[in-house]
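The values are calculated or read from the model by the stated rules, or taken from the named source; none is laboratory data. Nothing here was measured: the structure is a model prediction, and the numbers come from that model. A quick note on method: Cβ atoms are made from the backbone with ideal geometry, for glycine too, and the neighbour counts reach across all protein chains shown. Just so you know, the surface numbers come from the protein's heavy atoms only, side chains and all, with ligands and any DNA or RNA stripped out. Shrake-Rupley method; radii C 1.70, N 1.55, O 1.52, S 1.80 Å.
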Amino acid sequence: MTATATHTPAWHARRTPDKPAIIMGATSEVVTYADLDDRSTRVAHALRGHGVGLGGHIAILMENHPAFLEVAWAAQRAGMHYTAINRHLRAGEVQYVLDDCGAEVLVTSEAMAGVVAGLDLGRVPGRIAVGARPPDGFTRYDDVLAAQPGTPLDDEREGREMLYSSGTTGRPKGVRKKLPATPFGDPSSIPVQLAARMAMGGSGPDTVFLCPGPLYHALPLVTTMSMQRLGATVVLMERFDAADALALIERHRVTDAQFVPTMFVRMLRLPEEERSRYDVSSLQRVSHAGAPCAVAVKRQMIDWWGPILLEYYAGTEDVGTAAITSPEWLAHPGSVGRPMDECHIVGADGAELPTGEPGLVYFASDRPFEYHNDPEKTASMANERGWRTLGDIGYLDADGYLYLTDRAAHMIISGGVNIYPQEAENVLSGHPAVADVAVIGVPDDEMGEAVQAVVLPVDPAKAGPDLEAELLAHCRAELATYKCPRAVDFVDELPRDESGKLYKRLLRERYWAGHDSRII
């Protein structure tokens, strides 16, 4: 480790060994920095023992658990790529990711035994499982720790996550970024620079960070590990619950937190007497990303928590970023911020569009990545000028603030008119009777597609024609009629993962079965 490598758990373990690095939300189990450093070191030795060298690859399939971060840090300090797999996937979907990424070791848990039983692990020689009763063929995690030394590897290097896209529009793809090839904790490496950027925003050793999201998703995983580089205490929720999140903020005097807009909606939909019961005055910085946040929802959050929300727009691919503070957002409501990278709005003909006109959002940045085993998809991200896009539609205002109107893949074409469903989703999500909503295109003999809302109501007993009429009227009062749903279907749940990602493909399948499908 270099003399200036201060952004590592090892550095904090030497200075504040008994400080909590992780506090589990439901159980209050504590992992100190000394624990995190020691266990991640021992796991790193175990991975080397399984033949995983510098540049090698491991996979993690686990619920939110302290061992998840211990294993991730082991790979991070051993110069490896590590793939966190969505724990809600079925065995066939997990198998695809394992085969595609070429993992040499799989670390899982007793809780995942049912999925693991359906896997063919002939190509994965290293198998480790957390829990007293590991799946057949797996070594107990505690036995692995006990068998390995607690001294650092001789060849510690920075590793990197290689996470898979959510698969909302098809097969997930691994987002592979170049390994830093620098010593663990080297200030020039991108992981350390990300943590340093958070330190510039005010986070540091005194921070208590609430992570309510799943660690298999890029945003919670990278932010949590960045916070630990700064010596912060991470309060890790096993799964998100609105009331539990508020209780944890009060109990641990949380200063920083990260949410997705769906979580905001669920907290706002709690009864007022329950929301007001919790003291959230310790909060200093609350970030959100991962999905568009409706204007009405964000206004309510700022009214409740104050102007402490920081929104940013980015993707796992890291082709470009924008960020916006609450004061800026109040002056530019609906914006995701000023781009931090050179940003261009491009029309269907490839020409750059003027201010205020929506088109594909491109960034000109120099942070390389590739979709693992898919050079065609990698190439499809870029235009002839080398600018790259995540497939979002948006525009820049006169002050240079970026607004997103939808994803190109979600566009509805009705009677030859392009309709971006996010507009109607934003309006409907602000209605007090709506807990969650998706707007999609459904088959229509005359128009090709019709606009359809699928709503999870706050009170299921009120689902029916009267609420449908109320929601349609609410939408038509805010938007042109052609942009509004023609009908509303009420459901018990929408197909979202824990990170808030909506699987619109699954919704489309319900309506397009047997038709000339536009499912993507």
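Listed values, structure above:
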item: Reach of residue 483 by Cα under 20 Å, taken over lysines that are not fewer than 8 positions away in the same chain; result: 504
item: Point-to-point label distance, residue 374-residue 489, nm (Cα→Cβ direction, 7 Å offset); result: 2.6 nm
item: Prolate/oblate/rounded label for the range 110-204 (Cα gyration tensor, a/c 1.5); result: oblate
item: Estimated dipole of the range 145-232 in Debye, rounded to 20 [Cβ of Lys and Arg +1, of Asp and Glu -1, Cα centre]; result: 540 debye
item: Simple Cβ-charge dipole of the range 60-192, Lys/Arg +1 and Asp/Glu -1, about Cα centre, in debye nearest 20; result: 460 debye
item: The chain: angle of helix 91-101 to the longest principal axis, Cα-based, in degrees nearest 10; result: 70 degrees
item: For the chain, share of DSSP beta bridges that run antiparallel, in % to the nearest 5; result: 55 percent
item: Rg and Dmax [Cα atoms of the range 5-124; Å; Rg one decimal, Dmax integer]; result: 15.1, 45
item: Trypsin sites (Lys or Arg not before Pro) restricted to the range 72-143 and DSSP loop, no more than 13 other C-beta within 10 Å; result: 90, 123
item: The range 319-364 shape via C-alpha gyration tensor axes, a/c threshold 1.5; result: oblate
item: Furthest towards positive pole of dipole, 507, 409, 135, structure part the chain, Cβ charges; result: 135
item: Rounded percent of accessible protein surface that carbon and sulfur make up, the range 56-157, 1.4 Å probe; result: 47 percent
item: Surface accessible to a 1.4 Å probe, per residue, for the residues of the chain, Å²; result: 41 Å²
item: Sorted largest first, extent of the range 1-50 alpha carbons per principal axis (Å); result: 34, 31, 13
item: Portion, in percent, of the accessible area of the range 397-520 that falls on carbon or sulfur, probe 1.4 Å; result: 49 percent
item: Translational D in µm²/s for the range 88-131 (Stokes-Einstein at 10 °C, 1.306 mPa s, Kirkwood Rh from C-alpha pairs); result: 150 µm²/s
item: Cβ crowding within 10 Å averaged over residues, with 61-71, 359-369, 418-428, 395-405 ranked highest first; result: 61-71, 418-428, 359-369, 395-405
item: Taking the convex hull of Cα positions in the range 460-520, its mean projected area over all directions (nm²); result: 5.8 nm²
item: Percent accessible area from carbon and sulfur atoms, the range 262-313, protein chains only, probe 1.4 Å; result: 51 percent
item: Relative contact order, percent, the range 20-172 [alpha-carbon distance under 8 Å, six or more residues apart]; result: 28 percent
item: For the range 396-519, Kirkwood radius (reciprocal of mean inverse C-alpha pair distance, Å); result: 15.1 Å
item: Relative contact order computed over the chain (Cα-Cα under 8 Å; 6+ residues apart), in percent; result: 11 percent
item: Largest-first principal axis extents of the Cα set of the range 166-317 (Å); result: 53, 41, 27
item: Three-way shape label, the range 52-186, alpha-carbon gyration tensor, a/c 1.5; result: oblate
item: Dipole in debye (nearest 20) - the range 349-456, about Cα centre, beta carbon charges: Lys, Arg +1; Asp, Glu -1; result: 320 debye
item: Given (i) 73, 51, 51; (ii) 68, 51, 46; (iii) 71, 61, 48, the label whose value is Cα extents along the principal axes in Å derived from this model; result: (ii)
item: Cysteines (scope the chain) whose Cβ has no counterpart Cys Cβ under 4.7 Å; result: 101, 211, 293, 343
